[in-house]
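The values are calculated or read from the model by the stated rules, or taken from the named source; none is laboratory data. Computed from a prediction, not measured in an experiment: that's the story for all the values here. Heads up, the Cβs are rebuilt from the backbone with ideal geometry, glycines too, and the neighbour counts pull from every protein chain shown.
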Amino acid sequence: MSTSLLLPTRVSHRSTAYPHHRSTGARLEPRVGGNDLHKYFDALFQAHGPQHWWPARSKFEVIVGAILVQNTTWTNVERAIFNLRRHKLLNPIAMHRVSQCRLAYLIRPSGYFRQKAFKLKSFLHFLRENHRGSLTRMFRLPTELLRAQLLQVHGIGPETADSILLYAGNHPVFVVDAYTRRILQRHELLHERESYEVIRQLFESSLPKSPELFNEYHALIVHTGKVHCRTRAPLCSQCPLQSFLPAPVEGSR
Ligand code: SF4
């Protein structure tokens with residue numbers, strides 16, 4: 001994926017805020033206003049700069065990565081993708097032809113490899129049956145229609161579907177993950193049990209519908225979740241979002 005196209009050229013690391021304020025139209029939610037989400041993004045972007053997501057060489061590799069990363073780390077996914085690349089399987093035709101058993105063997109490093117091989121094969125079956133095997137045709141569909149189709153594929157849940165739509169298809173959907181939920185909860189912007197859809201709609205309705213913005217925002221949230229907002233002992237004192245905290249988080253210093 002070309003990273004140079006992610007952001008407008010006038011936006012530079014540690015320069016001004018991301019220029020999304022020009023387009024407002026935000027629908028404010030009871031506890032998280034669009035302005036809050038704008039400010040959170042600005043703080044993260046100014047601190048960390050562009051994240052250059054998704055780390056892949058093709059749309060299909062993004063899709064494979066989005067499936068393989070379920071319940072494992074990206075390091076393990078990279079090892080599995082290395083195997084697939086070495087065997088020239090990172091395209092829909094080649095992966096369709098290889099046996100599910102062989103595919104499972106090659107993606108062993110990603111864990112749950114038998115299930116994930118089945119998921120990959122299920123996606124390829126869906127692609128052939130519904131879009132003549134063409135990702136270009138598939139991604140031409142309107143966002144909501146394609147999202148609904150993807151959610152019917154075995155092994156593709158909301159987070160995986162939205163990662164595929166955003167990072168492979170450049171559709172304007174916001175990817176919600178455990179880091180998103182954790183950060184918003186620690187900042188008392190969410191209650192405990194808001195659904196994936198509620199959180200997704202919150203971002204999408206409060207921010208401009210920009211794939212570039214959603215791309216960067218989710219990547220910055222993941223970075224923050226890994227580096228600062230850890231499960232235990234969050235490093236609030238070093239985090240760009242510290243000034244937004246409503247009260248000290250237990251264990252932070
Ligand atoms: S580390 Fe602290 S300041 Fe940063 S997002 Fe988590 S709770 Fe907020």
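Note on the stretch 199-235: residues that are assigned to a loop (DSSP other than H, G, I, E, B), among the small types (Gly, Ala, Ser) and within 16 Å of the ligand (Cβ to nearest atom) total 1. If the condition is being more than 16 Å from the ligand (Cβ to nearest atom) and more than 17 Å from the chain's Cα centre (by Cα), then the stretch 145-190 contributes Leu145, Ala148, Gln149, Gln152, Val153, His154. Note on the stretch 57-145: enclosed helices (runs of 4 or more DSSP H) holding 3 or more residues that are farther than 16 Å from Leu165 by Cβ are 74-86, 92-97, 100-106, 113-131. Identify the residue in the stretch 236-250 that is farther than 13 Å from Tyr40 by Cβ and modelled with pLDDT of 95 or more and, among all such residues, is nearest to the ligand (Cβ to nearest atom). Filtering first and then ranking leaves Cys236.
Among the residues making up the stretch 112-133, those that are of a type in the set (D, E, K, R) and surrounded by fewer than 16 Cβ atoms within 10 Å (Cβ to Cβ) are Arg114, Arg128, Glu129, Arg132.
Among the residues of the stretch 147-157, those identified as surrounded by fewer than 18 Cβ atoms within 10 Å (Cβ to Cβ) and closer than 15 Å to Val69 by Cα are Gly155, Gly157. Quick one: Glu188 ticks every box in (1) more than 14 Å from Asp162 (Cβ to Cβ); (2) at pLDDT 95 or above; (3) touching a Pro at 6+ places or on another chain (Cβ under 6 Å) except a single one, so which number is it? It is condition (2) that Glu188 fails. Filtered by the rule that a residue be touching a Leu at 6+ places or on another chain (Cβ under 8 Å) and over 25 Å from Gln185 (Cα atoms), the stretch 33-62 gives His52, Arg57, Ser58, Lys59, Phe60, Glu61. Taken together, Leu141, Leu151, Leu145, Leu120 contain a single residue that is within 16 Å of Phe60 (Cβ to Cβ) and aliphatic (A, V, I, L, M), which is Leu120.
With the structure loaded, tell me whether Glu192 is of a type outside the set (Val, Ile, Thr) and in a loop (DSSP other than H, G, I, E, B) or whether it fails that test. Judged against the criteria, Glu192 is a match. When residues in the stretch 46-75 are screened for being of a type in the set (S, T, N, Q), in contact (Cβ under 8 Å) with a residue 24 or more places away in the chain and over 22 Å from Ser122 (Cα atoms), 2 of them pass.
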